[in-house]
1. Given the -39500 (n - 2.57) contribution per DSSP H run of 4+ residues, what per-residue ellipticity at 222 nm results for the chain, rounded to the nearest 500 deg cm²/dmol?
2. Taking the Cα centre of region 171-295 as the origin, how large is its charge dipole in debye, to the nearest 20, when only Lys and Arg (+1) and Asp and Glu (-1) carry charge on their Cβ atoms?
3. To the nearest Å, what is the center-to-center distance of region 14-30 and region 328-347, using C-alpha atoms only?
4. What GluC sites (Glu not before Pro) in region 257-338 are in a loop by DSSP, with at most 13 other Cβ atoms within 10 Å of the Cβ?
5. Nearest 20 debye, what's the magnitude of the dipole of the chain about its Cα centre given +1 on Lys and Arg Cβ and -1 on Asp and Glu Cβ?
6. Mean Kyte-Doolittle of at least 0.5 and a Cα length of 27 Å or more along the axis: which whole DSSP H helices of the chain meet both?
7. Ratio to report: Rg/Rh of the chain, with Cα atoms as the point set and Rh obtained by the Kirkwood method; give two decimals.
8. Out of region 278-343, which trypsin sites (Lys or Arg not before Pro) are coil in DSSP terms and have no more than 16 other C-beta atoms within 10 Å?
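Since every read-out is calculated from the coordinates, none of them should be taken as a lab result. Remember, it's a predicted structure, so these values are computed and weren't measured experimentally. Cβ: placed from backbone, ideal geometry, glycine included. Neighbour counts: every protein chain shown.
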Amino acid sequence: MSPRPALSGSIDCDIAVLGGGYSGLWTAYYLLKRDPSLRIAIVEREIAGFGASGRNGAWCTSGFPTSPRRLTSKYGKATSVAVQRAMFDTVDEVGRVATSEGLEIDWAKGGELLVARGEEQLPAIQHEAAFYRELGLTDHVLLLSSEETRSRVRITRTTGGLFMPDTATIHPGKLVRGLARLIEGMGATIYEQTAVTGFTGGSSPALHSATGDVRAKTLVLCGEAYLSQHKSLHRQVMPVYSLITLTEPLSDADWAEIGWEQRETIASCRYTVDYLSKTADGRILFGGRGAPYHFGSSIKAEYDRHVTTHRMLMENVCTSFPRLNQVTFTHTWGGPLGWPRDFMPTMAYDPKSNIASVRGYTGNGVSTANLAGRVLTDLITGVSSPITTLPCVNHHSRNWEPEPFRFIGVRIVQRSFMKLDQKAEATGVAPEGKSLAERLTAH
């Protein structure tokens, strides 16, 4: 697949979008649905979907980057419920658009299964279920026994599970490429292989590049972790690497032993994070954290692979499913996701500067980006709606600490999480949530 043509000379349009991932494409889609006459230009440094949109773990989840518990403590129960209901609706909206627009994205709404692996992880799922009940969202969560969990998927050390039906599995590349083709058919233009070197707001908004400016009435700044590479946004998001392994297609006998018939997304309760999905062609995708943070929020292609972390992920596949101890892994990859300092995403529009922006999905961007696209569409077109009252709208996170404090702090937190998981698994006792790492990153 050849890249689309790069920008060659300055142009004028109504909406100029920085970044050809989910956020920019969804925003363009909903703006064009509302006003098909809009001239929209999307400027992408690589190709559409090059970043997290094309290489994520395939979760279209109703999980919001900020937890219901944190939302409730900061904004109140009603707001927390409103956010959760907006996310439930968002998952269905992604599926609705895919169906109505003919996007083949391997959609399977099998739900999410949070598995307690060991006695030390049981309190986490029990507390989560209890809190959903407090919010009156009992239809959206089901606490499972060990036997009930294993009837869905047979993972070693399973002691219980929490099932949440409002999550789907997708093919991330098919979704982002399909959206790109869709909005081109609606009249938008995508310029690839064009690095935006800066932007200007105010009375003459424009995206600047070495080959020309894109002058517009409104700018939309997307790009998630890659926004950290722009000077004015450098400390607004921190790039954190998440890595993934992919097995060969498993045999029917393998799947008969493992189960997993509904293609639920699966995770455990480890602080170091793991996430699994079953692909449409019968592979296991196993992703997780562990790759180190790099000084100065650096992003480089070589960081997409980290031998130690990828080896650990492969070992986790085999310890989770012992039958697969000889399985072949056909692909490994990774990439940065964007962490805001307070773990609250931003969906903002300033009519004075004529700049809209979205960022800070903390790894939950597949569905949240769709919500962001609809929020920005309402904000830009001056429409008040229930989603424009959510706490992430026109939110501004405080900056991350400057270096070297950022580097030191993040590396300490990463090591602390590994030690907390190791201690919990060795003792069978859940972390108490009182460590510095847990308090600094609570969200």
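1. Details: 12 runs with 150 residues, N = 443.
After summing the helix terms and dividing by residue count, I get -10500 deg cm²/dmol.
2. Numbers: 12 positive and 12 negative charges, 149 e Å.
Dipole size: approximately 720 debye.
3. Each part reduced to its Cα centre gives a spacing of 19 Å.
4. Numbers: sites: E257, E261, E264, E302, E315; in loops: E261, E264.
Sparse-neighbourhood loop GluC sites (Glu not before Pro): E261.
5. Numbers: 47 positive and 44 negative charges, 216 e Å.
That gives the chain a dipole magnitude of about 1040 debye.
6. Working: long enough: 77-100 (34 Å, 0.08); 405-427 (32 Å, -0.09).
Once both thresholds are applied, nothing remains.
7. Details: Rg = 21.3 Å, Rh = 22.3 Å.
Rounded to two decimals, Rg over Rh is 0.95.
8. Numbers: sites: K278, R283, R289, K300, R305, R311, R323, R341; in loops: R283, R289, K300, R305, R341.
Sparse-neighbourhood loop trypsin sites (Lys or Arg not before Pro): K300, R305, R341.
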